[in-house]
1. Report, in cubic angstrom per residue, the convex hull volume of the C-alpha atoms of the chain.
2. Could you tell me the accessible area of residue 122 in Å² (1.4 Å probe, neighbours in place), rounded to the nearest ten?
3. Output the 0 to 90 degree angle, nearest 10, between the alpha-carbon long axis of helix 12-24 and the longest principal axis computed from the alpha carbons of the chain.
4. Using only the Cα atoms of region 114-181, build the gyration tensor, take square roots of its eigenvalues as a ≥ b ≥ c, and label the shape rounded, prolate or oblate: rounded if a/c is under 1.5, else prolate if a/b is larger than b/c, else oblate.
5. Sort 146, 179 by heavy-atom solvent-accessible area, probe 1.4 angstrom, most to least.
6. What is the ratio of the Cα radius of gyration of region 74-165 to 2.2 N^0.38 Å, with N the residue count, to two decimals?
7. Find the centroid of the Cα atoms in region 137-161 and in region 162-178, then give the distance between the two in whole Å.
8. Shape call for region 9-71 from the C-alpha gyration tensor, a ≥ b ≥ c root eigenvalues: rounded (a/c under 1.5), prolate (a/b greater than b/c) or oblate?
Amino acid sequence: GVVLARLVRLAQPDRRAIETAAILGQRFDLGDLRALTGDAAYACGELARRHLVRLDGAQVAFAHALIRDGVYASLTHERRAQLHRAAAALFATRDPAVEAEHLERAGDAGAPAAYLRAAKAEAALLHMTAALGLAERGLAIARSASDIFDLAMQAGALQRDLGRGEPALASFGKAQDASAGDRQRAAAMIGIEPLAPSDSAKSLRK
């Protein structure tokens, strides 16, 4: 309530800026805030004067986590989703993992595919554990069979490369269950066969 009372007293540009900042997190880049608000000259001076944020060069931080949480909670569902989608677009080429997180928070149907892209980007950099975390997060929220198949295949391949045989087998099995057509089923089976006991592999082929 205290946070909301302080927000009401802000001028519209400052109110819009602090709402956008809440989407970006506890600490954020001033350039990102300017890009999302469309105000290239905005400097957070009034927000700092009111002790809502602290300035540190090109970086800005909320003065307290409760302030950020209060501002975020004040946003309507529609406004929150709109801002998260805008932030996702901003980070799409710079940081696929952040893009995926924003799409998930927006409730966007494209979030699982974004997690897959982020997982592949991390895997290309040989950050296998980080890549697996992203694939598993995408798989946890995936609803369509195509997203489940793609993410389960990615998770299985990463788990196999990390020496995690049983989880990899489960992931490839999940991909097999979500497969659409012989080609996808065959791809899942190729993942399963080196990991499954011989009797199980024969049973799966049937």
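The values are calculated or read from the model by the stated rules, or taken from the named source; none is laboratory data. All values derive from a computational prediction rather than experimental measurement. Ligands, DNA and RNA are stripped out before the accessible areas are found, and what is left, the full protein with its side chains, is counted by its heavy atoms. Shrake-Rupley method; radii C 1.70, N 1.55, O 1.52, S 1.80 Å.
1. Hull volume over Cα atoms, normalised by residue count, gives 137 Å³.
2. Residue 122 has an accessible surface of roughly 50 Å² with all protein chains in place.
3. Around 30 degrees separate the two axes.
4. Oblate is the answer for region 114-181, as a/c is 1.5 or above yet b/c matches or exceeds a/b.
5. Largest accessible area first, the residues go 146, 179.
6. Dividing the Cα Rg of region 74-165 by 2.2 N^0.38 Å gives 1.11.
7. 9 Å
8. Because its axes are fairly even, with a/c under 1.5, region 9-71 counts as rounded.
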